Every structure is written in C-alpha cells, then in structure tokens.
Number of protein chains: 2
Amino acid sequence: MAANKIDDEQLLAGLLSVFQTHGYGAASLSLIAEATGLQRASLYHRFPGGKEQMAEAVLEQADRQFDECVLAPLRSDARPGLRVRRMAEQLAAHYDGGRCSCLLETLSMAGGPPSVRAHVKRTFGLWLKAMAAVAREAGASPAVARKRAEDAIMQVQGGLVFARAARDRKPFERVLSGLPALLTGAR
Amino acid sequence: MAANKIDDEQLLAGLLSVFQTHGYGAASLSLIAEATGLQRASLYHRFPGGKEQMAEAVLEQADRQFDECVLAPLRSDARPGLRVRRMAEQLAAHYDGGRCSCLLETLSMAGGPPSVRAHVKRTFGLWLKAMAAVAREAGASPAVARKRAEDAIMQVQGGLVFARAARDRKPFERVLSGLPALLTGAR
DNA sequence: GTCTATAGCTTGATAGAC
DNA sequence: GTCTATCAAGCTATAGAC
C-alpha cells in the first residue's frame, strides 16, 4: 500500500475549503486541485465518482467533525445552559468566528446533484434534533423545543450570511452568546 | 430607436432568477440566455461589460424594487408595529414565501467581482438603516435599534437558508410574523 | 437589436507513462 | 498513487451579417 502523497485529512480539508467558499457549481476541479495539492487526474483516482463524490465525501467528513466537536458537548451531563454554551464555543471555532461560510448553506444552492442536496437536508435534521433534545431537557415541550432549535439554526445561519455579506462578524458573535438563553428559555 | 425584443423588465427578471438561484460564479451565460430569451451575443449588446455588468444591473434593479416595495411601508405614518407588519407581508411576496433565495446572499459568495460584493454590503447597510429607524421610533435607543435591525436581517436570511437547505418554509414564515414584535420590542 | 459563427480558454473527465 | 497529455464540451467574449 503505497503511501498517499496527500493524506485524507489534507485532502478533505482542501475539498472543504473550496466547497464551503464557492458552493458546488462554482467549485472547479482546478480550484480543488490547487487547494488540495493534487492534480485533477489524481483527484479522479481518489474519487472515481468525480465532483459529486468529492462533495459527498466532504459532507460525510463534516458530519463526523460536527458531531464530534459541536454536538458532543450537548450530550454531556452538565446542566443544559452550560452544554449549549460549550456548543456555541465549538461553533465559533468551527466557523472561525464567522469568517467561514457554512458548507450546508453553500451546498444547498441550486446546481448541485440531488444526492448532495438530500444529504444537506438530512444533516440539518440531525442538528435540529440534537438541539431540540437539550431544549426538552431544559423543560420545553416537544413543540417549543423544536421551535427553539429552528430559531437557533436560523440565527446561526443568518449570522454567517450577515458576516459574509455585510462584512461584520459582531452580530454572529452576539447570536452565539445568546444561544444558551434561546435554547433553554432563560430570560 | 428600434424596440427591444425583450424589454428591460423581462431581461432583469431573467437575470435576477439566475443570479438568485446560482450565485455569481455558477451563473453561466447559457443559463442567463435561456432565462432571458436572448442569445449570448445579444446580452453583450445590452451589457457590454459582460457578466459583471449584468450582476450590477440586477443589484440596482433589486435595490429599487426593494426600496419601493419592501422598505416603503416602513416610511408610512402608521404606528411602527403596523409598518413592520406590512414590510413582512412584502418580504413574504418578495421571497415567494421562502421559495426564493436572497440575491444578496448568493451574490455575496466568493468568486464574484469586488464591485458586486461591495454593492451587496452597501445594500445590506440600507436595509439595516431603514429597520433601525423604525425601531428608534418605537422607542429604542440607537444601539438597541441597530441590534434589533441586525437581528431582523439575520432571522430573515437564516429563515431563507433554512427553507432552502431543510426544505421547510414554516420557520421562515414564523420569523416574518415575529418581526413586528422583534423590531418594536413588544413582548 | 438580434442573430449566427467563431475565437480562445477552461471545464469535467479519461488514458497511459512512471 | 501521481503525473502529463488529451478529449469533447462548456465557458466568456467578439466579429460581422441582417
């Protein structure tokens, strides 16, 4: 088993940065080759399914990373407010304080293959469920918990769009610090 | 002055739909030609500056439309809560209940020319200012008014991203109906 | 003002040397 | 496993007929 010149971690990091910033349609193999350090033909050796498979791989990696880093704190045995605060800290790191766009946002744009859009929808559902579970533990009814989780996702996504479009990351940071109160229903 | 086969309104509507759904980088001239009913070469006659000028034109049109339809209700002499409710109704129509992405969101992605990204930032500023003015009239301090306006924009943008990515428009509708209370500070 | 035709480049993807 | 070379198709943009 000949060693890969570029290991999977580097490869997926390059793929992530390109899909995250350009979306599916505008992510060209030239951009990906540049970001990963591999030639286009080498990318097809690692991903025979082409660009679609590359996007799938980066979504799977993002799922794992998101679960291990961002959602993991939600499953601790601390009190709900503290758990959410830790998730917010992980979110801040994950999105580099608002400097990065969300992969789910950019890959949900028109032009991508149905499999990719379906994956994005599914991942959104997992995130929603994890946050609603904490809201429930904080005392909310199922309906209210879901509503709070939806609000949390919308505020995070909106904060990221605002940061990118208005080039002002402060509101995003404010959203993150407000998440514990939002999800637990604290005043 | 020979009559245009496609009038400016149709032309800009086609441009809008393409840039809105695909962003700048993935908006190809073929897609634009198909959406507008003009051949690629004819598009260059109307927009000698090419794709960049097309994006600028659609942003200018969007600014006008946004000001005339969405922001106009904010300048009426009704009480603040009612003004915001009318804006929310216009927003619902503008984004077709969450079926459309926001042009400002898609054009703020990487890959577009600096002039386009600068225009997007400026338009965000106008929107922010208009909503902050209503919040002030409802009794908020300048700082609080700005914060409320930022929250409103983030929730709307987040709601649109959620609708597209999770394919669920309900939370976006809920955001719109909550805007009057959010901006006026009502409980 | 719109069209057909075309230039020159880039795209996604493949073949084959090493 | 990665590379260079290549393909057909797509791209942005231009030239010139009508």
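What follows is calculated from the coordinates using simple rules that are stated; it is not laboratory data. As the structure is a prediction and not an experimental result, all values here were calculated from the model. Cβ placement follows ideal geometry from the backbone for every residue including glycine, while neighbour counts extend to all protein chains displayed.
Things worth noting here:
- Selection within the stretch B:133-155 - hydrophobic (A, V, I, L, M, F, W, C), buried (at least 24 other Cβ atoms within 10 Å of the Cβ) and within 12 Å of chain A (Cβ to nearest Cβ): B:A149, B:A152, B:M154
- Considering each residue of the stretch A:25-34 in turn, at least one proves to be within 8 Å of DNA strand D (Cβ to nearest atom), of a type in the set (G, A, S) and under 29 Å from B:L107 (Cβ atoms).
- Conditions (1) within 19 Å of A:S101 (Cβ to Cβ); (2) out of contact with any helix residue (DSSP H, G or I) (no Cβ under 9 Å at 6 or more places or on another chain); number of the one not met by B:D96: (1)
Each row is one residue, and each column tells you yes or no for (1) of a type outside the set (F, W, Y); (2) away from DNA strand D (no atom under 13 Å from the Cβ); (3) over 29 Å from A:G178 (Cβ atoms).
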{"site": "A:F47", "(1), (2), (3)": "no, no, yes"}
{"site": "A:E52", "(1), (2), (3)": "yes, yes, yes"}
{"site": "A:E68", "(1), (2), (3)": "yes, yes, no"}
{"site": "A:A78", "(1), (2), (3)": "yes, yes, no"}
{"site": "A:Q90", "(1), (2), (3)": "yes, yes, no"}
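- Counting only helices (runs of 4 or more DSSP H) that sit completely within the stretch A:1-116, those holding 1 or more residues that are more than 16 Å from DNA strand C (Cβ to nearest atom) and either without any contact (Cβ under 8 Å) to a residue 40 or more places away in the chain or within 12 Å of another protein chain (Cβ to nearest Cβ) (or both) correspond to A:8-22, A:50-65, A:80-94, A:103-107.
- Failed criterion for A:L82 (all others in (1) away from DNA strand D (no atom under 16 Å from the Cβ); (2) hydrophobic (A, V, I, L, M, F, W, C); (3) within 14 Å of A:V116 (Cβ to Cβ) hold): (3)
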